[in-house]
Amino acid sequence: MNVKQQAREIGKAWRVGHIEAGQNVDAASYDQHEDAELSYTIGIAGELCFARKYGLEVDTAVRPFGDGGKDFTVNMNGEDLTIDVKTYLKPCNLLIKEADMHQCADVLVLAKYTDLGEDCRIEFLGWETRDVMRVMPVREFSSLKIPNRYRHSSLLRPMWKLEKIIVSEFM
């Protein structure tokens, strides 16, 4: 099963879990997609590719109230470091909802999703720390009027620096 197919399957299970929990998953999505299933597929595809690249496990458990903004946890010198992968079709900025800053991951990774028909491609554009994101400006980027901390993709730290941290810990 390719990444897009696997992401769709996980997304369908998550959607059912959200519906069973009484959530309206068909409302306009925060990720600016009318199609909630597409939003799930895009986000999960980013997590799947990150996990494959770095030898991590994707949490496929249905969590109707979210994952707390943390997709992965890696141990760095005896301390847990949490990572959240943010995947979008048109990722100009790394966005973190202002209301979620208190619970977001230590490291935030921005990824671009490209649909290839039967499969997809994920490109990791860069990353930033929660501490830096806390001091970034706030702006509303969607019609949903949700204030976000943002940092332009061109200003993010390069992925090779994160790879150096993650890979050195596992080798």
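Every read-out reported here was derived from the displayed coordinates using simple, explicitly stated rules and does not represent laboratory data. A quick note: this is a predicted structure, and the numbers were derived from the prediction, not measured. A quick note on method: Cβ atoms are made from the backbone with ideal geometry, for glycine too, and the neighbour counts reach across all protein chains shown.
One decimal place: the segment residue 129-residue 165 gains 11.7 nm when fully extended, by the rule 0.36 nm per residue minus the C-alpha distance. Short-range pairs are left out: with C-alpha atoms under 8 Å and at least six residues apart, the relative contact order of the stretch 3-170 is 19 percent. Per residue, the Cα convex hull of the chain amounts to 120 Å³.
Along the stretch 10-18 the Karplus relation, 6.51 cos²θ - 1.76 cosθ + 1.60 evaluated at θ = phi - 60°, assigns HN-Hα couplings of 5, x, 4, 5, 5, 4, 4, x, 5 Hz to successive residues, with x for each Gly and Pro.
Amide H contacts for residue 136 (H built 1.01 Å from N in the peptide plane; partners 5 or more residues away or on another chain; cut-off under 5 Å): none found.
Taking the average, over residues, of other Cβ atoms within 10 Å as the packing measure, peptides 113-122, 81-90 rank 81-90, 113-122 from highest down. Each residue of the stretch 51-60 was assigned a 3J(HN,Hα) from its phi angle through the Karplus curve 6.51 cos²θ - 1.76 cosθ + 1.60 (θ = phi - 60°); the sequence is 4, 5, 5, 10, x, 10, 9, 8, 7, 9 Hz, with glycine and proline shown as x. In this structure, the amide hydrogen of residue 126, modeled 1.01 Å from its nitrogen in the peptide plane, lies closer than 5 angstrom to those of 110, counting only residues at least 5 positions away or on a different chain. For the stretch 83-99, putting each phi into the Karplus relation 6.51 cos²θ - 1.76 cosθ + 1.60 with θ = phi - 60° gives couplings of 10, 10, 9, 9, 10, 9, 6, 10, x, 7, 10, 7, 10, 10, 4, 3, 5 Hz, in residue order, rounded to whole numbers and with x for Gly and Pro. Here's how it looks for residue 93: its modeled amide H is under 5 Å from those of 153, which are all 5 or more places away or on a different chain.
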